[in-house]
Amino acid sequence: MMKLWRYIGSFHLALLTVAVAPPAEAARDKKQKSVERVVLARVLLRDGLPERALSVLEAPPEEGETIDLGEFHRVRGLAAMELRRYPEAVSAFERAMENGEQTAPTFFGLANALLGAERYPEALAILKEAPSELEQNPARYRLEANIQYRAGHRHRAFDALDRGVSRFPDDRELTRQRLGLLLELGLYTEGIESARALLVEGKSAEQDYLALSVALLNAGQHERALALLEDGVLRWPGAVQMRKQLARAYADAGSPRSAAAVLMPLAGSDGDLPLMTAELHRRAGQMREALRANAEVLDQTAKMRQRLSLLLELERFEEASLLETRLERLGLLREEPIIYALAYASHYAGRPEQAERLLTRLTEPEWFDKGTAIRRAIETCRRDPTLCD
């Protein structure tokens, strides 16, 4: 009997444990689950998966759920920003701040979200209200300048960059942006002077030369850009991007021959340089040099398309007509302009059968009509060969 009582007693004790334990365990599980949700969302966000991060935080915190609401909504705001869902990001950052998240990064995030939502006055107001520690970050001045610029206030944007450069003279991005805005405002002399901070001996870098040259070209200052790029090529003779930029500047200035000469030393070191060099030689009327550069092109499709064009321009119709097999193998004879060009070459190379066979493949109205003119020319030659000698 005693044994039975002990058994029944232990059974009731087990029932009591089951009845009492779940609420405490459930609360603990709920707290753990809520914490894990935010941690998981942060990890997903760090791994470049903002949509999944948002889905983890989609369900709002339950009543009684122990969670840092400020952090919960801050992470939501960051994820929404990554997805460019700016109104949603604004709402999330505001909720974060309402729940005690008053750190400088949260103010910065809200100002960025308001910028994305095109609410410029509010974005500027939030920057002014931000904790003073944000003033220690050069990104704060870049953001203010961006807001002012997007709002149409270029001079105020420049003032923000100017203050930033004064405070962080070693921040190259601030200096670059300030320089670009100087040039955009037409202050070229001051812009070139300020560029010395970027281009001084020992600190100069290729990207600084390239960024400045782009700004000068965009401002229509081609001579200054050319002088800068020429100096850059002398400093870094093997810099592919520098030479490409100089070649483009020369080409835009109407000097394709100089552009081609700039690229020639690197023709074999970069995939698309031979193609570009050949085109520049063609524009300069240097057709033999164009063909030589074309021979170095590695992309066979681009090479054959360009070679056919060059041979037609040189009226070397026989050579052009012999490209049919290679053009077919590369799939280029699915393009009606190429079919027409090859038929044209075949006709003038004295290969009427080849030309007629190619012309049957033309179906688009524009190219079919042009092909009809070749058909008439072929018939004329057959009736009176002396007209086609």
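The numbers here are math on the coordinates, done by the rules we state, and not lab data. Treat the numbers as computed from the prediction; the structure is a model and nothing was measured. Here Cβ is always computed from backbone atoms with ideal geometry, including for glycine, and neighbour counts include all displayed protein chains.
If Lys and Arg each add +1 and Asp and Glu each add -1, what is the summed charge of the other residues whose beta carbon sits under 12 Å from the beta carbon of ALA157?
Values: positive: ARG142, ARG150, ARG154, ARG156, ARG163, ARG178; negative: GLU144, ASP159, ASP162, GLU184.
Around ALA157, the charge tally is +2.
What list of ³J(HN,Hα) couplings, whole Hz, do you get for the range 99-105 from phi and the Karplus terms 6.51, -1.76, 1.60, once you set θ to phi - 60° and write x for glycine and proline?
After applying 6.51 cos²θ - 1.76 cosθ + 1.60, I find 9, x, 7, 10, 7, 4, x Hz.
What aspartates and glutamates could a cross-link reach from LYS303, if we take a straight Cα to Cα line under 19 Å and drop same-chain neighbours fewer than 8 places away?
Counting by Cα, and skipping residues close in sequence, LYS303 has these aspartates and glutamates nearby: ASP270, ASP272, GLU279, GLU289, GLU313, GLU315, GLU318, GLU319, GLU324, GLU328, GLU335, GLU336.
Just in the range 283-363: which trypsin sites (Lys or Arg not before Pro) are loop by DSSP and have at most 11 other Cβ atoms within 10 Å? Walk me through the numbers on the way to the answer.
Values: sites: ARG283, ARG288, ARG292, LYS303, ARG305, ARG307, ARG316, ARG326, ARG329, ARG334, ARG357, ARG361; in loops: ARG316, ARG361.
Here no loop site has a sparse enough neighbourhood.
Check each of the GluC sites (Glu not before Pro) in the range 306-389 and keep only those in coil by DSSP with at most 16 other C-beta atoms within 10 angstrom; list them in order. Please report the intermediate quantities before stating the final value.
Numbers: sites: GLU313, GLU315, GLU318, GLU319, GLU324, GLU328, GLU335, GLU353, GLU356, GLU366, GLU379; in loops: GLU315, GLU335.
Answer by residue number: GLU315, GLU335.
Any aspartates and glutamates with Cα under 12 Å of the LYS128 Cα? List them, leaving off those in the same chain fewer than 8 positions away.
GLU144
Cα gyration tensor of the range 289-389, axes a ≥ b ≥ c as square roots of the eigenvalues: rounded (a/c below 1.5), prolate (a/b > b/c) or oblate?
Numbers: a/c = 2.47, a/b = 1.51, b/c = 1.63.
It is oblate, given that a/c is not under 1.5 and a/b is not larger than b/c.
What translational D, rounded to a whole number of µm²/s, comes out for the range 72-119 from Stokes-Einstein when the hydrodynamic radius is the Kirkwood one over Cα pairs, at 25 °C and 0.890 mPa s? Let's see the in-between values first.
Working: Rh = 9.9 Å.
Taking Rh from Cα pairs, D becomes 249 µm²/s.
Using a 10 Å cut-off around each Cβ, can you sort THR386, THR277, THR106 from fewest to most neighbouring Cβ atoms? Walk me through the numbers before you get to the answer.
Values: THR386 6, THR277 27, THR106 23.
Going from least to most buried by this count: THR386, THR106, THR277.
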